[in-house]
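Peer 1: Can you read through this structure? Questions will come right after.
The values are calculated or read from the model by the stated rules, or taken from the named source; none is laboratory data. Here the structure is a predicted model, which is why all the values come from computation and not from measurement. No Cβ is skipped: glycine too gets one built from the backbone with ideal geometry, and neighbour counts run over all protein chains shown.
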Amino acid sequence: MIERKLIQLAQGGDFNAFNTLIAGHKDKVYRLALKLTGNREDAEDIVQETFLKAIDNIDKFRMESSFGTWLYTIALNNVRAHAGKGKRMPLKPIEEYLPSGHSSDVDELFEWGDPHQVFENKQLQEIIEKALADMPIKYSTPFVLRYMEEMSVNEVAEMLKLSLPATKSRILRARLALREKLEDVFRERVHE
Amino acid sequence: MSKCDKQIQQICDYVDGELDGALCAELEAHLKECRNCRLMVDSLKQTVVLCREGKPEPLPKELEAKLSDALRRRWEKKFGGKKT
Ligand SMILES: [Zn+2]
């Protein structure tokens, strides 16, 4: 396989092989970092740190996973290190996202209709970007991997070294939190 | 109004098409009667659709150049004079 060959060459010191290997991954790592941090500066740092670490550790890469998975794992460690600095809102337990939950003063969910009728695409993306960036990364990471990077729940669990139920539960909480955030914004706009 | 604790766990699987037959039928029966759960299904679906609509941003060009330099320097440090 070509990837294997390139990795062997890179491990032997071939910089061109390394560049070919990472070419298709730079945008992906940047995109992932941007979604999880919501901040271009942090995302740029994370990209740089990720590929520098990939060089430092290239000889330790054992072909047990794909090169892309390996890079993502390094990138996520860097995201974690960066996210430690910021303050993020903790998420509620699943039951509390339900209407008429104890801590909720909302009894009825709001009918969304088509949000595109009320918001421009750009506004919608900004709301999502901010909501994801405000969330603890232990929730936003599996959500982003699952629905924005289109990985299966199994792949997400494996990458994050979590059990399947834990992965599912974090994805669900992120999704509920994001849904609620969007609903708050839509409700507010309609009642303006 | 009753809380739909059990349903909420299933709704996420349901919207992803991953809920097993019997549970799926049970949930669908509940959805017919429960407006909140219907709205929950609809809005959870839309949440993911909206997330997928964002245009991916490519790596900024200036960073690309800065990154290449940094990587080359690190590579030379690691592999020394080996030819590339
Ligand atoms: Zn219900």
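Peer 1: Go through A:176, A:162, A:109 for me and flag whichever is within 16 Å of residue B:49 (Cα to Cα) and surrounded by 15 or more Cβ atoms within 10 Å (Cβ to Cβ).
Peer 2: A:176
Peer 1: Do we have any residue at all in region B:49-68 that's in the same structural domain as residue B:4 (by TED's automatic domain parsing) and within 15 Å of the ligand (Cβ to nearest atom)?
Peer 2: no
Peer 1: Could I ask something else about it? Looking only at region A:12-24, filter to residues that are more than 10 Å from chain B (Cβ to nearest Cβ) and of a type outside the set (Val, Ile, Thr); which one of those is nearest to residue B:79 (Cα to Cα)?
Peer 2: A:21
Peer 1: I would also like to ask the following. Of a type in the set (Lys, Arg) and over 27 Å from residue B:53 (Cα atoms) - does that describe any residue in region A:25-40?
Peer 2: No.
Peer 1: Is it true that some residue in region B:55-66 is modelled with pLDDT under 90 and within 30 Å of residue A:111 (Cα to Cα)?
Peer 2: yes
Peer 1: Here are A:124, A:160: which of them is more than 10 Å from every other protein chain (Cβ to nearest Cβ) and under 24 Å from the mean Cα position of the chain (by Cα)?
Peer 2: Being more than 10 Å from every other protein chain (Cβ to nearest Cβ) and under 24 Å from the mean Cα position of the chain (by Cα) holds for just one of A:124, A:160, which is A:160.
Peer 1: Is it the case that some residue within region B:2-14 is surrounded by 13 or more Cβ atoms within 10 Å (Cβ to Cβ) and touching a Ser or Thr at 6+ places or on another chain (Cβ under 7 Å)?
Peer 2: yes
Peer 1: Within 16 Å of the ligand (Cβ to nearest atom) and either without any contact (Cβ under 8 Å) to a residue 12 or more places away in the chain or surrounded by 12 or more Cβ atoms within 10 Å (Cβ to Cβ) (or both): does that describe residue B:31?
Peer 2: It is true that residue B:31 is within 16 Å of the ligand (Cβ to nearest atom) and either without any contact (Cβ under 8 Å) to a residue 12 or more places away in the chain or surrounded by 12 or more Cβ atoms within 10 Å (Cβ to Cβ) (or both).
Peer 1: Next up: For the subset of region A:44-70 comprising residues that are aliphatic (A, V, I, L, M) and at pLDDT 95 or above, which member is farthest from residue A:5 (Cα to Cα)?
Peer 2: The selected residue is A:46.
Peer 1: Let me ask something additional. Out of everything in region B:34-48 that is within 16 Å of the ligand (Cβ to nearest atom) and aliphatic (A, V, I, L, M), what residue ends up being nearest to the chain's Cα centre (by Cα)?
Peer 2: That would be B:44.
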